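The values are calculated or read from the model by the stated rules, or taken from the named source; none is laboratory data. Please read these numbers as outputs of a predicted model, since none were measured by experiment. Here the Cβ positions follow ideal geometry from the backbone for every residue, glycine too, while neighbour counts run over all protein chains shown.
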Amino acid sequence: MSDFVRHPAGVAGAILLTIIALAVLFGPLVAPYDPQAFHTTVRLQGPSADHWLGTDQFGRDLLSRLLFGARSTIAFGVGATMISVIAGSLIGVTAGVVGGWIDSVIMRGLDGMLAVPDLLFVLLIVTMLGAGTGEAMLAVSIAFTPGMARISRSSVLSIRTREYVLAAVARGESQRYIILSEVIPNAIGPIIVEGTIRVSFAIMIGATLGFLGMGAQPPSTEWGLMVSEARQFMYRSPWVVAVPGLAIAVAAMGFNLFGDALRDAFDPRRSR
Amino acid sequence: MIKSLKQFTKTRSEMVRGMAVAVGLAAVLALPGTGFAQNETPKVGGVLKIAHSTRIATMNVLNLSGPAEYPAIDMLYSGLTRIGMDNHPHPDLAESWSANSDATVFDFKLRPNVTFHDGTPLTSDDVVATFEAIQDPARGASARSVLTMVEKVEAIDNLTVRFTLTVSYADLPVAVAHANARIISAKALAGPKENLENKPNGTGPFKLESYDSSRMTRLVRNDNYFIEGVPYLDAVELHLFPDLTAQSANYLSGNMDVLLAVEQADYDRIDKAPGSNALRVASGRFVNVVMRFDQKPFDDVRVRKALAMSIDRQTLVDVILEGLGRPARDNILSPEYAYVIDSPEIPYDTAAAKQLLADAGYPDGIKIDLVASNRPAIRGQVAIAIKQMALPAGFDINVKSMPHDTYLANYWRKGNFYMAYWGMRSTPDGAFTLLLTSDASYEDTAWNNKEFDAIVAKARSTPDDSERAQLYAEAQKLILRDTPYIIPFFQDVLTASRDGVKGWVVHPLNRVYYIESVWLDRN
Amino acid sequence: MSLGYLTRRLFSVLLVLVIVSFAVFAITMILPGNAAVMILGEYATEDQLLALAEVLGLNRPWYIQYFEWAGNILQADWGMSLRLSLPVGEVVGDAFWNSASLAVTALVTVIIIAIPLGILAALYRGSKVDLGIGLFAYVGTAMPEFVTATLLLVFLAGSAGGYLPAGGFIAPNESFPGFVSHVILPAGTLGLILMAHIARQVRSEMSDVLASDYIRAARLKGLRERTVIRRHALPNSLAPAVAVISLDIGYLLGGIIVVEEIFAWPGLGRLLIYALENRDLPVIQAITLLLAAVYALSNLFSDLVIAALDPRVRY
């Protein structure tokens, strides 16, 4: 833990994430306006006393939209990643623990799915399911699951041969006990690290889908959709694009920094 | 620069007299389009570069409908007649026409010595083949719906085509000016479909040199065009920029000469930019709210009226159109149409709307889904705005945006509450029979008003002008009484060209261009 | 490395492609619209739709459509684009070369810039240089392409900056200088995130290697620092960098979709979006297979390169 605190990038990441978490949890409560309400007399204005971050093309308050949108954008990323972590870990741990031909079949299947580049896979699935936040989230979790399965499997494989596991086997512990008390607690580290970094990718893919019109649909306040709708008004008020764009970048960076710091903290072999 | 246009159709008698004057007109005016400054002589030469943002997917003039496809086929093909900036049909391939006394038989005389781009001469057989293809359901021709009254098309001689109609229809010369009713050679129609899509062979002022739908389409001057002296341009290039920001950036930097369709949000910036001239034309183009008569809650006209009163039309024009349009009052005809009547203003009064809803049995308001396709984006924007505006009246509207093809497959003409989008038609009859009569081609509101149907049918074959005006007035009153659609505004058509481009205009129908009269003055 | 391994890998690539093709086919069968709907759009009546669907062969049972398509592929006949009425091979082929020119430019630029950056950061670890490069790396990875592309467009192109063209494409064989001026912005957008990944990876690998006993021994032997780096540290750090590059190719293949759309680059990405919107199944199939094949083969290629660089790896 002290390792972690000494790492400035990790601290920066933690700070960013705290801000994001606050926005997600309390955003809608502290937002000054209804994010959908029009204020047609003050369209496309920059920051002002009434509207701290300015207004968009309908005169909607950008700060309020940002705060409400934190939930859609971040929850999307976290949710999709969590689903893929759970599903992927189940698959990967099973493959790693069971071994044998089941393991081979699963690995073949995973390789197949990993052969298709992420965004392409997501686009195909979203086209099939239809556009929308829920559909996009499902698509991203499906696309991420093979990667998470791979990671958890190799994590399990490397732990299987560790001394403490061998000791437990020698002691005659049941397979269930071994998995639950020895394997999983130690395998979790790399999974969490990878998951945290994946959240930033999920956020970016979600924003990209919103941008392409295949993710969140209007009038959602998802940040990628906000950027997409605002681009044609960019020259009249750069704030409409800059505000959500920077928000996406900050969120992605926060998860990235934090995840990297976690990785450095967890991995004892890494030289300082 | 706003041009407003009146009197959409000629009176019937003028039409029937057959335009003997047309021959003279053809030689002098030649171009039913533009007026350039009197003391400027057009210079010959140069390449015009047009920037557009939707792909030219096909050159099959029978069924194309893309915004960038229309200028392309306008340059490649000619029709029997062509709509001018005065909104009257002018001679194009037909140098004159005449009809019998009750307008059930029309004879069109074709110009002599016209050749297709591949050299084959134009004869009446090509015209016959074209109109038979238009009427063939398997071809999916867009012009079919305006030519339902044509019973037979036959070649009387090499250069004369006779149309026999099932009813009296004085506006046939307008109907055959339809942008998708251009004349294709009989040989091409008999050949493989791919050739129609990719190797257009027309009689227009330009011919196709290269066609890469993902990037650029290039047309070059047809030296054998049947009108002397035009086109002035050596070549025209249509460049695709799918991203609107990149498109306008290329135009403003001078890389492109014309911006085919300007977005409302950019209009002001493009107009004020040095070297650029934006152009707007009032048009009868609209976004409409479809509410089906045969399902709750819109089976009760009070609910329809309540929603109509819950929409602040002027605000929609200000916010969504950036002022580049006019508020509308649910009449499908914009002020430019012939025979249009004044519609009473519909105030934005949510208190009264709430009361009406209560009267109709919805004291707690109505919760309902509003479907909007994402193409064009303005549908969703209007839907969102309506949602906000109608809230105080008790309408709890949930906007459901979706990809265009999902909408076409699942909601268009089936759903009970969705946003539609239509361009302008040439005549009131065109508008009514496209959407509002019981057997209209794209009827989707289940109005099925027999009285309206009867009026429209009668007006079609009425020779007397004032009687027609009266009939159309009654028809519009029915529309205003029952509100088959909510039409909140009419959207201007917007385009832009750079200094040095002369003669670039746009027609409110937004499917007609006069590029053969465009010339470049680059110095 | 054995021939058997190579054969097995190639076979599994093939298997993967078959699975992918079937999955894509299944996906498009479930879609609500079809190509006929998109072609006729709002001008369609029921009978027109049926007639056109008949002409396009969309009314036949799915397995017939799939096997006919699969059979044709094996004879190198990729079918006709439903929307564009052109042979798929032609349409996708042109797009492929355009995308390739963009992707290769991005990749080459990235490798030339990012590897030295990573090495620098590792060598001057903890210094301002390291911090600066690290900052650049983090910011680079955090911005989605559409944000980066928009910023580049606004500040460097078109009327504002006037320096570079705002999108568009000129083929390298038409005009090389034209190609270069048009490729800078899209390749830069694509490259930014890749540069960040690769620089970070090289830095961390290089740092590990530099701290290892093996390097310490080389230094103790009295070798010059430059030789130490060149002959001992570098080859060992590069292997993982190659692995990251191959992973990033997957990212690149996704990134071109947005970048091509924004910069009007007529490549596979743009074509794919258009085909998805229009339910143009033959084109969707062809592009997906092509991209999956490129990715799989590049993975295979990078595994071979790693094997060549690192004698410990044995297949």
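Numbers for the structure displayed
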read-out	value
Criterion: of a type outside the set (Val, Ile, Thr), away from chain B (no Cβ under 14 Å), under 23 Å from the mean Cα position of the chain (by Cα) and over 13 Å from A:ALA247 (Cβ atoms) - qualifying residue of A:PRO32, A:PRO28	A:PRO28
Unmet requirement for B:ASN63, which otherwise passes all of (1) away from every other protein chain (no Cβ under 14 Å); (2) crowded, with 23+ Cβ neighbours inside 10 Å; (3) within 15 Å of the chain's Cα centre (by Cα)	(1)
Qualifying residue in the range A:151-160 (condition: without any contact (Cβ under 8 Å) to a residue 24 or more places away in the chain and either under 24 Å from C:LEU14 (Cβ atoms) or away from chain C (no Cβ under 14 Å) (or both))	yes
Qualifying residue in the range C:202-210 (condition: at pLDDT 80 or above and among the charged types (D, E, K, R))	no
Conditions (1) within 10 Å of chain A (Cβ to nearest Cβ); (2) over 25 Å from C:PHE179 (Cβ atoms): number failed by C:GLU261	(2)
Test: residue in the range B:247-258 that is within 24 Å of B:ASP107 (Cβ to Cβ), among the hydroxyl-bearing types (Ser, Thr, Tyr) and in contact with a helix residue (DSSP H, G or I) (Cβ under 6 Å, 6 or more places away or on another chain)	no
Long-range neighbours under 6 Å by Cβ, at least six apart or interchain, first residue in the same structural domain as B:PHE108 (by the TED database) within the range B:67-86, second part of a helix (DSSP H, G or I) and among the hydroxyl-bearing types (Ser, Thr, Tyr)	none
The range B:481-506: number of residues that are farther than 24 Å from B:GLY46 by Cα and part of a loop (DSSP other than H, G, I, E, B)	4
Qualifying residues in the range B:407-426 (those that are among the polar types (S, T, N, Q) and crowded, with 20+ Cβ neighbours inside 10 Å) - the one modelled with the lowest pLDDT	B:SER426
Evaluation of C:ILE287 against (1) surrounded by fewer than 24 Cβ atoms within 10 Å (Cβ to Cβ); (2) facing chain A (nearest Cβ under 9 Å) (one fails), failing number	(1)
Sole residue being assigned by the TED database to the domain that holds B:ALA51, out of contact with any strand residue (DSSP E or B) (no Cβ under 6 Å at 6 or more places or on another chain) and surrounded by 20 or more Cβ atoms within 10 Å (Cβ to Cβ), chosen from B:THR203, B:THR245	B:THR203
Unmet criterion (only one of (1) under 22 Å from A:ASN256 (Cα atoms); (2) surrounded by 19 or more Cβ atoms within 10 Å (Cβ to Cβ)) for C:ALA264	(1)
Search result, residues across the range A:14-44 that are hydroxyl-bearing (Ser, Thr, Tyr) and in a loop (DSSP other than H, G, I, E, B)	A:TYR33
One residue from C:VAL104, C:VAL88, C:VAL108 being modelled with pLDDT of 85 or more, crowded, with 19+ Cβ neighbours inside 10 Å and of a type in the set (A, V, I, L, M, F, W, C)	C:VAL88
Exclusive hit being surrounded by 14 or more Cβ atoms within 10 Å (Cβ to Cβ), polar (S, T, N, Q) and free of Cβ contacts under 8 Å to residues at least 60 places away in the same chain, set C:ASN72, C:ASN98	C:ASN72
Some residue of the range C:164-177 being closer than 20 Å to C:GLY250 by Cβ, small (Gly, Ala, Ser) and either more than 14 Å from chain B (Cβ to nearest Cβ) or in contact with a His (Cβ under 9 Å, 6 or more places away or on another chain) (or both)	no
Lone qualifier among C:LEU234, C:LEU252, C:LEU210 - being closer than 22 Å to A:ASP118 by Cβ, out of contact with any Lys or Arg (no Cβ under 6 Å at 6 or more places or on another chain) and either in contact (Cβ under 8 Å) with a residue 40 or more places away in the chain or within 14 Å of chain A (Cβ to nearest Cβ) (or both)	C:LEU252
Members of the range A:213-236 that are facing chain B (nearest Cβ under 8 Å) and either at positive phi or hydrophobic (A, V, I, L, M, F, W, C) (or both)	A:GLY213, A:MET214, A:PHE233, A:MET234
Test result for C:ARG270, surrounded by fewer than 18 Cβ atoms within 10 Å (Cβ to Cβ), assigned to a helix (DSSP H, G or I) and not aromatic (Phe, Trp, Tyr)	no
Qualifying helices (runs of 4 or more DSSP H) (wholly inside the range A:60-159; at least 3 residues being of a type in the set (Val, Ile, Thr))	A:76-98, A:100-114, A:118-129
Counted residues, the range B:507-522 - those being under 15 Å from B:LEU48 (Cα atoms) and either basic (Lys, Arg) or part of a loop (DSSP other than H, G, I, E, B) (or both)	5
Hey, B:ALA372 over 20 Å from the mean Cα position of the chain (by Cα), crowded, with 21+ Cβ neighbours inside 10 Å and modelled with pLDDT of 90 or more or not	yes
Some residue of the range B:205-215 being part of a helix (DSSP H, G or I) and of a type in the set (S, T, N, Q)	no
Enumeration of residues in the range B:215-263 that are charged (D, E, K, R) and facing chain C (nearest Cβ under 7 Å)	B:ARG215, B:ASP243
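For (1) crowded, with 17+ Cβ neighbours inside 10 Å; (2) more than 28 Å from A:ARG263 (Cβ to Cβ); (3) more than 17 Å from the chain's Cα centre (by Cα), each residue gets a yes or a no:
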position: A:PRO117; (1), (2), (3): yes, no, yes
position: A:VAL122; (1), (2), (3): yes, no, no
position: A:THR133; (1), (2), (3): yes, yes, no
position: A:ALA136; (1), (2), (3): yes, no, no
position: A:VAL140; (1), (2), (3): yes, no, no
position: A:GLY147; (1), (2), (3): yes, no, no
position: A:ARG150; (1), (2), (3): yes, no, yes
position: A:LEU157; (1), (2), (3): no, no, yes
